[in-house]
Protein chains: 2
Amino acid sequence: MKTPDKKSALSEIDGINQPDTLSIHAVQQIQKLRKKQPSAKELIDGILKHDKVALSRAITLVESTNPEHLSKANEVINGVLPNANKSVRIGITGVPGVGKSTFIEAFGKHLTSLGKKVAVLAVDPSSTISHGSILGDKTRMEELVKDENAFIRPSASGETLGGVARKTRESIILCEACGFDTIIIETVGVGQSETAVHSMVDFFLLLKISGAGDELQGIKRGIMEMADAIVINKADGDNINKAKLAKTEFNRALHLFPAKKSGWIPTASTCSSYTKEGINEVWNTISDYLELAKSNHYFQEKRKDQNQFWMMETINEQLKSNFYNHPEIIELIEQNKKAVQNDEMSPFAAAVSLLEKYFK
Amino acid sequence: MKTPDKKSALSEIDGINQPDTLSIHAVQQIQKLRKKQPSAKELIDGILKHDKVALSRAITLVESTNPEHLSKANEVINGVLPNANKSVRIGITGVPGVGKSTFIEAFGKHLTSLGKKVAVLAVDPSSTISHGSILGDKTRMEELVKDENAFIRPSASGETLGGVARKTRESIILCEACGFDTIIIETVGVGQSETAVHSMVDFFLLLKISGAGDELQGIKRGIMEMADAIVINKADGDNINKAKLAKTEFNRALHLFPAKKSGWIPTASTCSSYTKEGINEVWNTISDYLELAKSNHYFQEKRKDQNQFWMMETINEQLKSNFYNHPEIIELIEQNKKAVQNDEMSPFAAAVSLLEKYFK
């Protein structure tokens with residue numbers, strides 16, 4: 001309803017008054033309930049009872065920067081820890097455009113149809129900058145998000161990859177304790193984040209598409225050698241033959257790679273998230289891997305190594321953060337960087353001069 | 001000469017007396033000279049005059065753990081820095097048995113025959129454990145070691161890869177200032193050291209042999225994608241056909257890798273360090289690379305990035321070393337590691353408890 005006397009393109013509508021029948025007492029009760037934060041014990045109990053609301057709240061604590069929240073998050077994590085770890089953790093990477101979301105939707109639905117409980121998390125530090133997230137647009141996983149046996153959580157935000165990775169890793173534990181037996185960690189194959197994801201999963205899957213030519217796919221070097229399987233997505237319609245050719249080429253290349261410690265030989269396959277062709281084969285491949293890696297104890301050893309790695313990683317990350325955020329270092333580091341770039345100072349001498357300031 | 005009266009399997013021979021003609025005065029003079037350490041300035045002058053003795057002494061300072069030596073080393077490095085950097089730095093990796101030493105000998109001799117001055121250094125932290133070194137056995141480079149235009153220095157020793165790498169990197173600067181225009185850094189392709197070497201060279205060469213099957217060659221994953229060239233060594237005698245086949249396979253695989261930022265497309269070739277066949281082609285390939293990378297400024301940018309990387313790396317290394325050598329941390333870290341392994345503590349909580357102790 002336009003108010004013509006104002007001569008403005010902006011319109012205004014009348015507000016709605018509080019209905020007289022609303023009970024003030026009831027409002028206060030609701031507000032009180034809303035404010036009440038569940039205790040660590042309540043969250044632990046909720047998670048162990050497979051309550052998704054408790055899980056979401058605990059993840060929010062893990063993602064918080066408030067030190068009080070963090071100490072509570074630690075309490076929850078240590079409380080549920082004995083009930084975690086009973087899952088398979090699958091890392092999925094691939095550059096934007098490769099169809100990660102539709103693949104995860106199709107793959108996730110296949111898994112829940114097999115009776116599995118699927119949690120989808122993400123490591124995407126770039127989402128901090130864009131204030132978006134690769135999983136933020138949940139509508140791209142319309143089916144999965146409605147599935148009772150699925151839990152989807154967008155990437156945590158954080159200043160550093162280390163921070164984001166830490167949060168995702170803690171979230172894995174919470175999801176597992178909440179009864180999720182298949183954890184999918186998504187990442188974009190363009191930064192350092194794949195290495196982080198690789199060190200928190202049991203199986204690492206690289207998603208590709210045919211035809212785009214690797215030079216256009218922009219995936220980081222080294223990722224291909226990390227993969228336990230390469231899946232060529234979008235093998236449908238006119239694309240089928242090109243995808244099959246790509247599969248043959250990748251299989252030929254993969255056998256040139258050094259053998260994996262797990263004894264597993266990575267393979268390439270094709271699939272279509274649209275026709276669902278090949279989706280079940282991806283899960284069969286992962287099952288084969290699990291059978292092998294559990295029987296030769298690689299699976300258990302890798303998890304132990306990963307735990308230790310993350311303990312060390314957290315320490316190293318914190319030591320660096322403390323140094324680089326030190327007021328005196330912030331003041332001096334740029335001029336030392338410049339001196340090094342201009343060959344006026346050796347990198348080592350530049351480092352030593354900063355370290356002396358810091359430890360003094 | 002056995003002394004039969006002692007009834008022992010041990011024999012004893014008569015000692016040699018100090019010849020009476022030896023002048024005590026002369027001995028004292030010699031001892032005084034030996035003790036005299038050249039000053040930083042003397043070393044700088046020597047290096048800039050292309051004196052190999054001064055170079056060796058400066059490298060010894062760089063490798064010392066004595067803080068006084070280190071500060072003198074820094075003085076020397078900063079003093080020669082404006083005269084360094086005019087070289088090509090080539091990293092060579094490949095697992096033991098691939099013929100690295102004989103390749104470097106043949107390749108180095110080829111380079112000196114072209115009028116180049118070649119320095120060969122190594123990064124091999126494992127040599128600390130074995131108390132040996134991949135370059136320790138200099139007899140394996142008999143020809144090159146006698147060459148006036150070559151300088152060979154075994155791997156520095158050190159507790160950590162970071163330490164060894166830092167020493168090698170400083171040695172590169174000293175060698176360059178001493179007039180060496182081609183620096184070869186050797187490493188064994190089995191640890192983390194290739195990544196370190198990769199970040200200090202302009203060109204990274206992976207040496208392979210055919211027939212052994214990659215699973216036997218034990219090279220670390222990811223190395224193949226780092227390589228600017230793959231050279232299949234020992235392409236002689238009965239091996240020639242197998243080597244050619246391997247070359248074709250690697251070339252096919254290499255084109256599946258994502259493109260390099262340098263715009264360079266890595267290739268595979270064959271060579272024989274024995275018949276010298278293919279050795280000159282290796283240098284031609286490197287020259288082609290240099291032409292490309294210098295014309296598109298990738299070469300210069302990469303060196304700047306590497307300088308900055310090493311400044312940061314030195315800082316991070318030192319921060320870690322300070323933490324992990326802290327008496328209280330040494331005492332506690334093992335029990336936290338165990339708690340993490342047994343899932344009694346999350347990796348993050350275990351890290352936080354140690355960090356709190358350290359920063360307190």
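The values are calculated or read from the model by the stated rules, or taken from the named source; none is laboratory data. All values reported here derive from a predicted model rather than from experimental measurement. Neighbour counts are summed over all protein chains in view; Cβ atoms, including those assigned to glycine, are modelled from backbone coordinates with ideal geometry. Ligands, DNA and RNA are stripped out before the accessible areas are found, and what is left, the full protein with its side chains, is counted by its heavy atoms. Shrake-Rupley method; radii C 1.70, N 1.55, O 1.52, S 1.80 Å.
Side notes on the structure shown:
- Condition met for residue A:148 (of a type outside the set (A, V, I, L, M, F, W, C), at pLDDT 90 or above and in a loop (DSSP other than H, G, I, E, B)): yes
- Scope region A:82-91; condition touching a residue at least 40 places away in the same chain (Cβ under 8 Å) and surrounded by fewer than 24 Cβ atoms within 10 Å (Cβ to Cβ); matching residues: A:83, A:84, A:85, A:86, A:87, A:88, A:89
- Take the conditions (1) out of contact with any helix residue (DSSP H, G or I) (no Cβ under 9 Å at 6 or more places or on another chain); (2) more than 13 Å from every other protein chain (Cβ to nearest Cβ); residue A:67 misses just one of them, which is (2).
- Region B:266-279 - residue that is surrounded by 15 or more Cβ atoms within 10 Å (Cβ to Cβ), out of contact with any Cys (no Cβ under 9 Å at 6 or more places or on another chain) and not hydroxyl-bearing (Ser, Thr, Tyr) and, of those, farthest from residue A:253 (Cα to Cα): B:271
- Region A:248-258 - residue that is in contact with a helix residue (DSSP H, G or I) (Cβ under 7 Å, 6 or more places away or on another chain) and in a loop (DSSP other than H, G, I, E, B) and, of those, farthest from the other protein chains (Cβ to nearest Cβ): A:257
- Failed condition for residue B:261, given (1) more than 20 Å from residue A:249 (Cα to Cα); (2) among the charged types (D, E, K, R); (3) more than 14 Å from chain A (Cβ to nearest Cβ): (3)
- Close pairs (7 angstrom Cβ cut-off, 6 or more residues apart or separate chains): facing another protein chain (nearest Cβ under 7 Å) and under 11 Å from residue A:314 (Cβ atoms) in region B:332-353, part of a helix (DSSP H, G or I) and among the charged types (D, E, K, R) anywhere: B:346/A:170; B:348/A:166; B:348/A:170
- Of the residues making up region B:213-247, those that are more than 11 Å from chain A (Cβ to nearest Cβ) and either surrounded by fewer than 16 Cβ atoms within 10 Å (Cβ to Cβ) or at pLDDT below 80 (or both) number 5.
- Subset of region A:96-145 [assigned to a loop (DSSP other than H, G, I, E, B), at pLDDT 75 or above and of a type in the set (A, V, I, L, M, F, W, C)]: A:98, A:114
- Region B:70-81, subset open to solvent by 40 Å² or more (accessible area, probe 1.4 Å) and in contact with a helix residue (DSSP H, G or I) (Cβ under 8 Å, 6 or more places away or on another chain), residue nearest to residue B:149 (Cα to Cα): B:78
- Scanning region B:280-315 for residues that are open to solvent by less than 60 Å² (accessible area, probe 1.4 Å) and free of Cβ contacts under 8 Å to residues at least 12 places away in the same chain gives B:287, B:307, B:308, B:311, B:312, B:315.
- Residue under evaluation residue B:332, criteria (1) surrounded by 17 or more Cβ atoms within 10 Å (Cβ to Cβ); (2) in contact with a helix residue (DSSP H, G or I) (Cβ under 8 Å, 6 or more places away or on another chain), criterion not met: (1)
- Members of region B:260-285 that are among the β-branched types (Val, Ile, Thr) and under 22 Å from residue B:109 (Cα atoms): B:270, B:275, B:279, B:282, B:285
- Scanning region B:264-278 for residues that are within 14 Å of chain A (Cβ to nearest Cβ), of a type in the set (A, V, I, L, M, F, W, C) and not in a strand (DSSP E or B) turns up B:264, B:265.
- Residues being under 17 Å from residue A:318 (Cα atoms) and more than 9 Å from chain A (Cβ to nearest Cβ) - total across region B:314-328: 3
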